[in-house]
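**Q** To start, I am sharing the structure in question, which I have written as structure tokens.
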Amino acid sequence: MTAGQLVSVPGLWDGFTHPLLGADHLLALVSVGIVSALLGPQAIWTLPASFVASMALAGIVGLNGIALPRSELWIAISLVALGLTISTCGAMGLTGRRIPTWLAGIFVVTFGAAHGNAHGLEMPATASPAAFTVGFLAGTAGLHFAGVAAGLSSLRHRASAFVLRMAGAFTAATGVGLLTR
């Protein structure tokens, strides 16, 4: 199957681009990858995988027209929590030492459910639910990988670490903005 044929599958491209086009989703999904890299080798795979699994389940719920309570609130909270984690972990040298992976996992699963439910509820009427789901999960995984790469880079380069801390602060501020509107 060629790239052109994949794009023509009803809903696949819509699902893939959905997490890329919403600033709240984009920031949160990249941030999950960054946080997983900052927390250490075990978290690099477990946090993104937990997020994607939770997102898939809640996305299916959303595809069936069922909204989880306060999903938009949890999406905003995810930006604040992930952004603060990024801005403080790098600044304080807390990479893998202070936030237990299991605790981060609880938050990531909660955040994944909120984001997944929103994705499912926002599926275009013309999209195939299966294709849309595969698309948004693939887009999410790609953003997680980009975040992991950025997080690992920040561990090796001081300039990258500074930029990442500022990006974390921006992400948290975006979440606060969503909470206050």
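Please treat every number below as a calculation from the coordinates, not as lab data. No experiment lies behind these values; they were computed from the predicted model shown. Glycine gets a Cβ as well: all are built from the backbone with ideal geometry, and neighbour counts include every protein chain shown.
**Q** Can you give the calculated 222 nm mean residue ellipticity of the chain, where each DSSP H run of n ≥ 4 adds -39,500 (n - 2.57) and the sum is split over every residue, rounded to the nearest 500 deg cm²/dmol?
**A** -28000 deg cm²/dmol
**Q** I've got another one for you. Provide Val32, Val148 in ascending order of the number of other Cβ atoms located within 10 Å of each residue's Cβ, fewest first.
**A** Details: Val32 31, Val148 23.
Ranked by crowding around the Cβ, least crowded first: Val148, Val32.
**Q** Could I have the simple spin-label model distance between Ala130 and Leu179, label points 7 Å from Cα toward Cβ, reported in nm to one decimal?
**A** 4.1 nm
**Q** Please list, ordered by chain and number, the residues whose modelled amide H lies under 5 Å from the amide H of Gly11; skip anything fewer than 5 residues away on the same chain.
**A** Answer set, sorted by chain and number: Ser128.
**Q** Rounded to the nearest 20 Debye, what is the dipole magnitude of segment 21-180 about its Cα centre when Lys and Arg each give +1 and Asp and Glu each give -1 at the C-beta?
**A** For this selection, approximately 560 debye.
**Q** Which of Arg165, Arg158 has the fewest other C-beta atoms within 10 Å, and how do the rest follow up to the most?
**A** Ordered from fewest to most neighbouring Cβ atoms within 10 Å, Arg165, Arg158 come out as Arg158, Arg165.
**Q** Using θ = phi - 60° and the Karplus form 6.51 cos²θ - 1.76 cosθ + 1.60, what ³J(HN,Hα) does each residue of segment 48-62 get, whole Hz, x for Gly and Pro?
**A** Computed from phi, the couplings for segment 48-62 are x, 5, 5, 4, 5, 5, 5, 4, 4, 5, 6, x, 5, 4, x Hz.
**Q** Sticking with this one: Need the full-extension length gain, Arg158 to Ala67, defined as separation in residues times 0.36 nm minus the C-alpha distance. One decimal, nm. Intermediate results must be reported in sequence, preceding the final value.
**A** On the way: separation 91, 0.36 × 91 = 32.76 nm, distance 4.23 nm.
Here the answer is 28.5 nm.
**Q** For Met166, Met55, Met123, which order do you get if you count the other beta carbons within 10 Å of each Cβ and list the fewest first? The partial results should precede the final answer.
**A** On the way: Met166 13, Met55 31, Met123 23.
So the ranking, lowest neighbour count to highest, is Met166, Met123, Met55.
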